[in-house]
Structures are given as structure tokens and as C-alpha cells.
1. On the given criteria, is B:Ala36 closer than 24 Å to A:Val67 by Cβ and at pLDDT 95 or above?
2. So, restricting to strands (runs of 3 or more DSSP E) that lie completely within region A:4-69, which ones have at least 3 residues that are of a type outside the set (Gly, Ala, Ser), open to solvent by 20 Å² or more (accessible area, probe 1.4 Å) and on the phi < 0 side of the Ramachandran plot?
3. Of everything in region A:70-106 that's on the phi > 0 side of the Ramachandran plot and out of contact with any Leu (no Cβ under 7 Å at 6 or more places or on another chain), which residue is surrounded by the most Cβ atoms within 10 Å (Cβ to Cβ)?
4. State all residues of region B:166-177 that are more than 7 Å from chain A (Cβ to nearest Cβ) and out of contact with any Asp or Glu (no Cβ under 9 Å at 6 or more places or on another chain); if no residue qualifies, say none.
5. Among the candidates A:Asp104, A:Asp158, which residue alone is more than 10 Å from every other protein chain (Cβ to nearest Cβ) and closer than 15 Å to B:Thr18 by Cβ?
6. Residue check: is B:Gln101 at pLDDT below 95, among the polar types (S, T, N, Q) and out of contact with any strand residue (DSSP E or B) (no Cβ under 9 Å at 6 or more places or on another chain)?
7. Got a sec? Which strands (runs of 3 or more DSSP E) wholly within region B:109-174 have at least 2 residues that are in contact with a Cys (Cβ under 7 Å, 6 or more places away or on another chain) and either outside the structural domain of B:Ser41 (by TED's automatic domain parsing) or closer than 24 Å to A:Arg78 by Cα (or both)?
8. Kindly indicate whether any position in region B:4-11 is acidic (Asp, Glu) and modelled with pLDDT under 95.
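The values are calculated or read from the model by the stated rules, or taken from the named source; none is laboratory data. In this text, all values refer to a predicted model and were calculated from it rather than measured experimentally. Neighbour counts run over all protein chains shown; Cβ positions are idealised from the backbone, glycine included. Heads up: the accessible areas ignore ligands, DNA and RNA and are worked out on the full protein's heavy atoms, side chains in. Shrake-Rupley method; radii C 1.70, N 1.55, O 1.52, S 1.80 Å.
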2 protein chains.
Amino acid sequence: MSFNGEQHPGVVPAPGNTQGFRLNHTMLRAKDPEVALAFYSRVFGMRVLRKLDFEEMQFSLYFLANVEQGEAIPEDTRERTAWTFGQKGLLELTHNWGTEQQADFAYHDGNAEPQGFGHICFSVPDLAAAQAWFDVCNVTFVKRAEQGKMKDVIFVKDPDGYWIEVIQADLMAGMGD
Amino acid sequence: MSFNGEQHPGVVPAPGNTQGFRLNHTMLRAKDPEVALAFYSRVFGMRVLRKLDFEEMQFSLYFLANVEQGEAIPEDTRERTAWTFGQKGLLELTHNWGTEQQADFAYHDGNAEPQGFGHICFSVPDLAAAQAWFDVCNVTFVKRAEQGKMKDVIFVKDPDGYWIEVIQADLMAGMGD
């Protein structure tokens, strides 16, 4: 079915009032920012665009993104902050101060009961190379590319237990055929 | 602090192995796709790029995006599927068949206990206009722009109760000053 010919229950044409809306980020709480940042910077190559501290409320926010080759990030802090909040596809990690020191503290991944949030997903240029890289990094797999019903789809866990899907766009072309 | 001069605990420089990685989507489970699609298409102007049905496993996936003015979406289904999985900033809604018919069924928003996932966030060109639009749409507010400690930040709820933050990029420049 062609894109513009497809109909889905409930869907209305995008109203003019929504012009310029874009999905900026997804926020997940992280127990220990040092551990989470080590993971997302090394395993997924994300960079911290902006860290915001809220002393009164005792939390910090980290806004992460994959910076594309040749992409210019504003050096000036205020300019970079505004730039950050106009992007697409960022990850925000919230650190409530002190959780990293509580041995039995853990966040809920959304896949155990009660269910809700499912996962975030990275698109990668080479799925096999990514899987080999995850092995180098000793990442915890939920499902390797060759396992389960959905071939060519990887699921790993981040340090807080959140699921991360990993796919290669052109390998997904036949999905749903 | 300049972008390239900032250091954060745990962060390492992006390894070459992660080149081309991008955050493609966030998956949330939705009880009733007709209700959720009506909400995301009308209130936030998202379009369904691709719907995938998995009859054997009894679920459907909807991949939604804000299509920018002049952005060309491939009409051909396979081409569009591959294109979809190479984008940034999509929302995936998972519908497990039948949940819409269970009166007492509800997903967990991640903000009530047990906590984990926090919210998704849309960046909009005009926050005041967006807030007026949400009023027209009878959207449920968690926090209006003028309420609370964080001015110029709106939080609303989607039909499943997930929180959605709404911001205007240039109004955020001073955040963290």
C-alpha cells in the first residue's frame, strides 16, 4: 500500500497547529550516571550535549546524542542548550542524587510487570559489526540477531536494565511482507 | 564551559565502531491504537510511516513521525520500511491485540512506582500556541507552562497516561544558568 493511500483507524491529517513539532528526546532514569554514561558513550557512541544540575531538587539531567560526522555543535553554552532542544532523537538520562549509593536500588524496565515503556532503538550501518562490538564490550544480550522469530533484530540491556533494540535499516525492508 | 572542554564521569570519546549509530525510535505500549493514533496524529501532528502486523504473535506495531514540510517519504512499501528504520526521533506504539476490549486494562506510565521511563518530549516552534492548541484538543495537563519551578516547560499525558514534555528550544537557552 502506498504511503499516502494508507488509512489507519483514528488517524487524522496533521493539523497546521502542529507544524514544526518534532520528537526531541526520551527520558529514562539512571541509577548511576557514571555507569550509564560509560555505557552510552562507549557502546553506542553518544556524547553529552548538555548536563543540567538542579541543586534545589537534587537531580541532574544529561542530554545525549550521536553526533554525525561533520556535524557542528555550538560551543557556547546557551547557544548549545537551545540547539540541543531543537534536535531529534536525543536520550535524556535523569539522575536523582544518591541512588548510586543505595545497593538495592533499581529502576523498573517497563517490560517486567507492570508493563508500559518497551525500549529505545538504535539504527546502525552494519548489524553484524555492531553485534561483534557489543561482544567486545561485554554487553548483556536479551536476544542476538540470529535468535528468535525476528531475525536481524538485536536486543541488549543498558546498565539499568532498559531494553535497547538495534537494527540495520536496509535489512528491515522486508519486515511485514 | 565549552562543549569540547566538558568532562563528565564515565564518558569516553565515541569509538569508531559506533559511527553512524542513531537513535531511531522509542517504543511505548498502547492499549487502544485507534485512541492513541487519534491523539498523536491530531494533537502532535504525527503520521504513521509504517504499520507492521504480527498475526502469529498477535500484535501490531505503528511507527510514527512528524514529517517536515517538503520531506519526501518513499511511497513504495519496502523502500519506505527501510527508510523508516534509518530515521531519528520516531515513536513506536505496540498494540497487543485485545487490550482495547478489556475495561480494566492499563499500561504503567513509569512515573508512578515502580519508576523507570519518564517521558517523551516534543520540541515546538511556539510554546504558547502549542498550549492553546492542547486546550482546544482537551488534552490532560500534568503541568502548564506557567506552573511549577520549571517555567516554559509543559507536561501533558497521552491516552495511556505516558507523560509528554513540550518545550520551545530558544526559551530553553538559559536553562541551567
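1. Against the criterion (closer than 24 Å to A:Val67 by Cβ and at pLDDT 95 or above), B:Ala36 does not qualify.
2. The qualifying strands (runs of 3 or more DSSP E) are A:47-54.
3. Filtering first and then ranking leaves A:Gly98.
4. B:Val166, B:Asp177
5. Result of the check over A:Asp104, A:Asp158: A:Asp158.
6. No, not satisfied.
7. Per the criteria, B:163-167.
8. yes
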